[in-house]
Amino acid sequence: MLALLESSTKQESPGVFKAGNPSKSLANWQGRKAEIADLKQWLNNPNIPLIGIEGIGGTGKSMLAAYIYENVEIGNFRKRFWADVSYGAVFSDVATQVLQDFGFRVPNQETELVPALVKCLQSGEYLLIIDNLESLLKTNGFWGSQFYEEFFTTWVECGGKSKVIVTTRERPELPKRWEWLPLSGLKIEDGIKLLTVLGIQGNLEEFVKLVDGYPLLLQFVADLLKAEYPQDSNLNRLESLGLGNLQQLLTDKKVVGVHRRENVAMVLVLDASWQRLSDFQKSLLQNISVYRGIVNSQAAVAVLPDTAKKKMTTKLFGNDHPTRDIKEELRNLVKRSFLSEKLIDDCRWFEFQPVVLEYVRYKAGNQTAAHQKAINYYRSIAKQSGWQTKDDIKEYLEIFYHFYQLEDYDSAFDAIHHCNDFLTLRGYYANQVELYGQLVSKWAEIGDRQNRKYSDSLNSLGDAYRSLGQYQTVIEYSQRSLKISREIGYALGESNSLTILGLAYQFLGEYERAIE
């Protein structure tokens, strides 16, 4: 994640420093005047430290936030940072990069990152945008990360000169001192302008009304028409693309009474677009959807089935063979809005819109084979030694993720335990809490008390909390590990549990219990 955040740090405008990695293009921007006016008013209000842009997937939340980020005339923010947290960005990574890019000292202890970031934001007029906040939440708006929760709670309560904007599908549990902007579709006239700019003809007003001005859907329909009928991209062509019943379905009370109109329309359009793809393109999308975050052509090739790989461009004994070039296919999928594209260090990277990713993963079904291929790919490029930064072990973190998705928790443990000493020595305790916490939760859920790795994970989790100074939590996890180790006769696990417990009691000043 750090590598991604660092990759596009830039100085784009005179006197305004922009960092992070927004991936939204504003090339066809239309409308949102009322929403921008509300945001401007809140950004100028010193009593509003936090602003949330809320809406279902594809309404343009990130686009609106990107407009604010890119427009230097909005607010007096001389430094701006964009953090996309949709793919498991750990708080310590985000906070560290913000502090570094804004020119502040990064504390040695992770426990000091929250107050350091708050103090940074209080010291000047900065803008911090956190995109896809819902990825950090569990059900009912509860936080999945104590560090993000601590930061947002502290920031809302204390505030400062800076502003924080979040985009999200759902609201988190937080104190009341912030403003919400519920985002819906474009106004009819703005939706018409967007379709016109995209080169679409026909009864534009009727269609925009039908789909409630849903921006992603308008873009998808436009790209579908242009790909199939470049010389006559007219809405009348939708019937020949399998969307002739769109009007009927979206006005059927039995359908829209159960599901949101925008969701029904999006699925219908995605289905129609999917049917126009080649088998190779479908296979490509389904298999790269196992990755989290951006992928390049090398990573895409790695997860393709062998049958699909044979259709790619090859040179054998000096003879050309009928093939497809993987990068060209990825770019074709960008044209159809299934993927977006960005250039990082002269390399092309591709990623899904969240709504599209959900759809493609649904179409893919069981992805066991693709996850295993992703594991093999990361193993082939993983750095074996000489680790200096967390970026050096990023492949092991991805291996952990894919084993976890396969519900192979023993192998996921092995992947992270391989670099556990490095994480400890370098002070990446928040990462250890997140990773071992996932394993502990799953093993507790399935009741796998005979597993030594369950005991080891409890100890590793407790030790990470010890480094964070949360000694009561250390005692809780180490006692659980001790009980399991004694039940299964795991002497090493018992010894480790007692050691960690002793250290925790020592730090609490309970020396007699520490000796025991």
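The values are calculated or read from the model by the stated rules, or taken from the named source; none is laboratory data. Note that the coordinates shown come from a computational prediction; the quantities given were computed from them, not determined experimentally. Note that each Cβ is placed from the backbone with ideal geometry, even for glycine, and that neighbours are counted across all protein chains shown.
Table for the structure above
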quantity: Subset of the range 326-340 [crowded, with 21+ Cβ neighbours inside 10 Å and β-branched (Val, Ile, Thr)]; calculated: 326
quantity: Selected residue [closer than 18 Å to residue 366 by Cα and modelled with pLDDT under 80] from 306, 320; calculated: 306
quantity: Residue match in the range 496-504 (condition: closer than 17 Å to residue 423 by Cβ and either touching a helix residue (DSSP H, G or I) at 6+ places or on another chain (Cβ under 7 Å) or buried (at least 23 other Cβ atoms within 10 Å of the Cβ) (or both)); calculated: yes
quantity: Matching residues in the range 433-491 - criterion: being in contact (Cβ under 8 Å) with a residue 12 or more places away in the chain, closer than 27 Å to residue 110 by Cα and among the small types (Gly, Ala, Ser); calculated: 437, 455, 457, 460, 462, 464, 467, 469, 478, 481
quantity: Filter result for residue 384 (exposed (fewer than 15 other Cβ atoms within 10 Å of the Cβ), farther than 27 Å from residue 106 by Cβ and not aliphatic (A, V, I, L, M)); calculated: yes
quantity: Qualifying residues in the range 410-437 (those that are of a type in the set (D, E, K, R) and out of contact with any helix residue (DSSP H, G or I) (no Cβ under 6 Å at 6 or more places or on another chain)) - the one surrounded by the most Cβ atoms within 10 Å (Cβ to Cβ); calculated: 434
quantity: Residue count for the range 180-201, restricted to those that are surrounded by fewer than 16 Cβ atoms within 10 Å (Cβ to Cβ) and touching a strand residue (DSSP E or B) at 6+ places or on another chain (Cβ under 8 Å); calculated: 3
quantity: Test: residue 444 is hydrophobic (A, V, I, L, M, F, W, C) and more than 28 Å from residue 91 (Cβ to Cβ); calculated: no
quantity: Flag if residue 270 is at negative phi and in a loop (DSSP other than H, G, I, E, B); calculated: no
quantity: Neighbours by Cβ (under 7 Å, 6+ apart or cross-chain): first from the range 67-96, at positive phi; second in a helix (DSSP H, G or I); calculated: 75/43
quantity: Leading residue by the ranking (farthest from residue 426 (Cα to Cα)) among those in the range 447-471 that are surrounded by fewer than 21 Cβ atoms within 10 Å (Cβ to Cβ) and at pLDDT 90 or above; calculated: 452
quantity: Any hit, the range 89-102, residues being in the same structural domain as residue 159 (by TED's automatic domain parsing), modelled with pLDDT of 90 or more, in a loop (DSSP other than H, G, I, E, B) and over 17 Å from residue 214 (Cα atoms); calculated: yes
quantity: When residues of the range 108-152 are limited to those that are closer than 24 Å to residue 43 by Cβ, of a type in the set (Ser, Thr, Tyr) and more than 21 Å from the chain's Cα centre (by Cα), the one surrounded by the fewest Cβ atoms within 10 Å (Cβ to Cβ); calculated: 123
quantity: Neighbours by Cβ (under 7 Å, 6+ apart or cross-chain): first from the range 17-30, closer than 19 Å to residue 132 by Cβ; second of a type in the set (A, V, I, L, M) and not in a loop (DSSP other than H, G, I, E, B); calculated: 20/5; 20/83; 21/4; 21/5; 22/66; 24/63; 24/66; 26/66
quantity: The lone exception for residue 391 - which of (1) assigned to a helix (DSSP H, G or I); (2) free of Cβ contacts under 8 Å to residues at least 60 places away in the same chain it fails; calculated: (2)
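Listed here are the residues, each with its yes/no results for (1) touching a Cys at 6+ places or on another chain (Cβ under 6 Å); (2) surrounded by fewer than 19 Cβ atoms within 10 Å (Cβ to Cβ); (3) in a loop (DSSP other than H, G, I, E, B); (4) not assigned by TED's automatic domain parsing to the domain that holds residue 283.
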position	(1), (2), (3), (4)
350	no, no, no, no
376	no, yes, no, yes
380	no, yes, no, yes
400	no, no, no, yes
407	no, yes, yes, yes
